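The values are calculated or read from the model by the stated rules, or taken from the named source; none is laboratory data. Given the structure is predicted, the values throughout are model-derived calculations rather than measurements. Cβ placement follows ideal geometry from the backbone for every residue including glycine, while neighbour counts extend to all protein chains displayed. The area values use the complete protein model at the heavy-atom level, side chains included, leaving out ligands, DNA and RNA. Shrake-Rupley method; radii C 1.70, N 1.55, O 1.52, S 1.80 Å.
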Amino acid sequence: MNSNPIFNMHIPTKLVFGCGEIKKLATEKLPGKKAMIVISSGTSMKKYGYLDKVINLLTENDTASIVYDKILPNPIKSHVMEAAAICRERGCDFIVGLGGGSSIDSAKAIAVMACNDGDYWDYIQGGTGKGRPVKKVLPVVAIPTTAGTGTEADPWTVITNEERQEKIGFGCPGTFPALSIIDPELMVSIPPHLTAYQGFDAFFHAAEGFIANCSTPISDLYALEAIRLLAKYLPIAVSDGKNLKARAKVAWGSTLAGLVESTSSCTSEHSMEHAMSAIYPELPHGAGLIALSEAYFETFRNDSMKRYMKMAEVMTQQKSNRPSDFIDALVRMQTACNVRDIRLSDWGLKEEDLPKMVQNARDTMGGLFLFDPRPLTDEEILNIYKKSYR
């Protein structure tokens, strides 16, 4: 960031945060009278009673609802299109995203396609998208049951075009949630490995946003506090998922990291991971980021020396004298969360696919490379992939 910054901030989302605050869904002013509740194809929303609770609270608030329950961990375009058609047919006037980032991201994309004609990819910028302007978006209410994406505090949605193996982020002013309710009590059921994957996704939103060349004084405040909270409390939440204090601190760190994405930007680490999970959709996004992270941040170690040292200081609460202190702290955090030795080959990735991932990352999410501390060459990108592969 230059020494005389020019920036603006507009985040039109009402955030309601705290343990037990899901009850506010019954009393908050909602943006419509009939909701489509979007959840994953998994069992947890029903098993733990979260879906029934949301339906009942909406009913208390004089609001009808229907449920769309097919969303995958890496959500796909065909489900967005199917749900948008149902939304129009059934007369829903707002969307509730309930669950992890995949459900809330899908809710945003469905909200776009419920109001715009053609195909979702007509509006995507990047890859084979046509970049058409979005005319209108249904309001979205976000209720995260995971702490990772920060999608409750930003306009971004990431959807995969499964036919073209393109996984691309998209957002516009209308895709900011109108209301987000972040209740850490809804997060205690997440298993340890997913807690770690999701928490590191939030961590990298903050760390990438801090070293991005578009960072601002506001994003820096959000980023450093998110990094501090996640470094301190994510290992506790991983080892003791019922620790509500740790869950709340991690949830707040994730929301702060979402605010970073609204005021700065991710960098090319996210482009590189999207290329991996576009081709291998079974790969959890956070796991891919963790696998890339040491080699990725090592690449920029001498380009953001003061910022690396600042991140190290908030992670360790000790004075830093060299940028590699941050990478050392990152490795210790991964070890503490039992995710130090992620093997990409466990999700089917093959070393011979790495060169085509370089091109996929450039073609689909090339915009994020513009926010790197310095331009990366294709050779450097391939080298990061190779160092991260096992």
> So, in segment 319-360, of the ones that are over 24 Å from residue 246 (Cβ atoms) and small (Gly, Ala, Ser), which residue ends up least open to solvent (accessible area, probe 1.4 Å)?
Replying inline: 320
>> Could you go through segment 35-47 and let me know if any residue there is assigned to a helix (DSSP H, G or I), within 28 Å of residue 70 (Cβ to Cβ), open to solvent by 30 Å² or more (accessible area, probe 1.4 Å) and not hydroxyl-bearing (Ser, Thr, Tyr).
In response: yes
>> As an exercise: evaluate residue 254 against (1) open to solvent by less than 10 Å² (accessible area, probe 1.4 Å); (2) part of a helix (DSSP H, G or I); (3) small (Gly, Ala, Ser); (4) farther than 18 Å from residue 144 by Cα and give the number of the one condition it does not meet.
In response: (4)
> Which of the residues spanning segment 343-357 are closer than 19 Å to residue 294 by Cα and small (Gly, Ala, Ser)?
Replying inline: 345
> Of 313, 294, which residue is open to solvent by 10 Å² or more (accessible area, probe 1.4 Å) and either touching a helix residue (DSSP H, G or I) at 6+ places or on another chain (Cβ under 7 Å) or among the polar types (S, T, N, Q) (or both)?
Replying inline: 294
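If I go through segment 186-199 residue by residue, how many of them are outside any loop (DSSP other than H, G, I, E, B) and surrounded by 17 or more Cβ atoms within 10 Å (Cβ to Cβ)?
8
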>> One residue is enough: does segment 298-315 have a residue meeting the conditions among the β-branched types (Val, Ile, Thr) and either out of contact with any Leu (no Cβ under 9 Å at 6 or more places or on another chain) or modelled with pLDDT under 95 (or both)?
In response: no
> Looking at 292, 229, which one is farther than 16 Å from residue 314 by Cα, out of contact with any Cys (no Cβ under 8 Å at 6 or more places or on another chain) and either in a helix (DSSP H, G or I) or at pLDDT 95 or above (or both)?
Replying inline: 292
